[in-house]
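Reading through the structure tokens given below for one structure.
The values are calculated or read from the model by the stated rules, or taken from the named source; none is laboratory data. The structure displayed is predicted, hence computed values, not measured ones. Please note: Cβ atoms are built from the backbone with ideal geometry, for glycine as well, and neighbour counts cover all protein chains shown. Keep in mind that these areas ignore ligands, DNA and RNA; they rest on the heavy atoms of the full protein, side chains included. Shrake-Rupley method; radii C 1.70, N 1.55, O 1.52, S 1.80 Å.
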Amino acid sequence: MAEREEVENKQVILNHCVRGSPKESDMEIRTARTKLKLPGGSSGAILVKNLYLSCEPYTYVTNGMSKMEGKIEGVNLESFNPGSPIVGYGVAEVLDSSHPNFKKGDLVWGITTWEEYSIITSTEGLFKIQHTDVPLSYYTGILGMPGMTAYAGFFEVCSPKKGERVFISAASGAVGQLVGQFAKLFGCYVVGSAGSKEKVDLLKNKLGFDEAFNYKEEADLNVALERYFPDGIDIYFENVGGKMLDAVLLNMTVHSRIAACGMISQYNLEHPEGIHNLLCLLTKRIRMEGFLVFDYYHLYPKFLEMIIPQIKEGKISYVEDIAEGLENGPSALIRLFSGRNIGKQLVAVTRG
């Protein structure tokens, strides 16, 4: 196919700014046309063919689908532009480049748009893929932003010690499943919570957690945590917020740590839930720290040195929930917030 020939470019468009829980009808599939060559005068840009697209809370917040929109300090969020393709993380192949650091044929992961072909003008957040002897889809998860989030949150924010007791909420998700395995390999006792029997079985039987429980089946979360942590929690990796955080605070040990990675239970609420047990931060001298992965990307080479051998040696498992085809992107994104996905939710645009 000639590079200057126009081709169809399927896109996922967000129609308007969503308030409350998103629905598939808030998005639509459109087909545009594009040339497989950068426009004349493009400087520092690249044209890519998207292979995999990542579904995660970042996608939700960045595109105006959340009450959190525009409230992440220090991060340049894309401004919401009705009628434009959704913005999010993905894996892509470079088709044309006017940037000195990228050439045709390079594989990259980073911020792209939800369409078959994208022109990326801001390449600052792009990473070249050097290791191609692992599935390319892994760069939406274990080898991409979620993997770095798990690594930075657990090792840098939590400062773990061997033998400590670790609790992870939303433990079967893209980040949680890795935090649990990192903690086990480090020599910790690990318990995770999830929202279905299938996810609990996954945590215990495939991912190696010591224990796991279905929070939906627990009438009292405080009692549940006391059952699994009779001597208290040393590290809590926070992904959900709300009632779970309130119960966890009661069960933390003195000088324990909480890494606040996400609070997905609060993103769609008109009135976020209050936390009643914050006095525990004082009485137990708990260190609770929020973090964003962007502040730790300088550690990405160090992270790869650790994780690549573990993947190849079978020490780390990673579970993906892959939707086939860009047309299934909206339903895949919605699955993330209804808890129907098992593992890392992503969309295969074109298999790499």
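Side notes on the structure shown:
- Qualifying residue in the range 321-331 (condition: free of Cβ contacts under 8 Å to residues at least 12 places away in the same chain, in contact with a helix residue (DSSP H, G or I) (Cβ under 9 Å, 6 or more places away or on another chain) and either in a helix (DSSP H, G or I) or hydrophobic (A, V, I, L, M, F, W, C) (or both)): no
- The residues listed here are L51, L77; of these, the one that is at pLDDT below 90 and either in the same structural domain as A323 (by TED's automatic domain parsing) or touching a helix residue (DSSP H, G or I) at 6+ places or on another chain (Cβ under 9 Å) (or both) is L77.
- From Y300, Y318, residue being open to solvent by less than 30 Å² (accessible area, probe 1.4 Å), in contact (Cβ under 8 Å) with a residue 24 or more places away in the chain and assigned to a loop (DSSP other than H, G, I, E, B): Y318
- Within the range 282-294, the set of residues being in contact (Cβ under 8 Å) with a residue 12 or more places away in the chain and either over 17 Å from the mean Cα position of the chain (by Cα) or open to solvent by 40 Å² or more (accessible area, probe 1.4 Å) (or both) comprises K284, R285, I286, R287, M288, E289, G290, L292, F294.
- Selected residue [in contact (Cβ under 8 Å) with a residue 60 or more places away in the chain, surrounded by fewer than 19 Cβ atoms within 10 Å (Cβ to Cβ) and not small (G, A, S)] from L250, L279, L269: L269
- Residues located in the range 196-214, provided they are surrounded by fewer than 20 Cβ atoms within 10 Å (Cβ to Cβ) and touching a residue at least 12 places away in the same chain (Cβ under 8 Å): S196, K197, E198, K206, G208, D210, E211, N214
- Here the condition is being open to solvent by 30 Å² or more (accessible area, probe 1.4 Å), closer than 16 Å to N50 by Cβ, modelled with pLDDT under 90 and not small (G, A, S); of R340, R351, R335, it holds for R351 alone.
- Near pairs, Cβ below 7 angstrom, 6+ apart or cross-chain, from the range 25-43 (under 30 Å from R335 (Cα atoms)) to any residue that is at pLDDT below 90 and open to solvent by less than 70 Å² (accessible area, probe 1.4 Å): D26/L14; D26/N15; D26/V18; M27/L14; M27/N15; E28/N15
Matching residues to (1) surrounded by fewer than 24 Cβ atoms within 10 Å (Cβ to Cβ); (2) of a type in the set (G, A, S); (3) at positive phi:
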| residue | (1), (2), (3) |
| --- | --- |
| M148 | yes, no, no |
| G153 | no, yes, no |
| F167 | no, no, no |
| V179 | no, no, no |
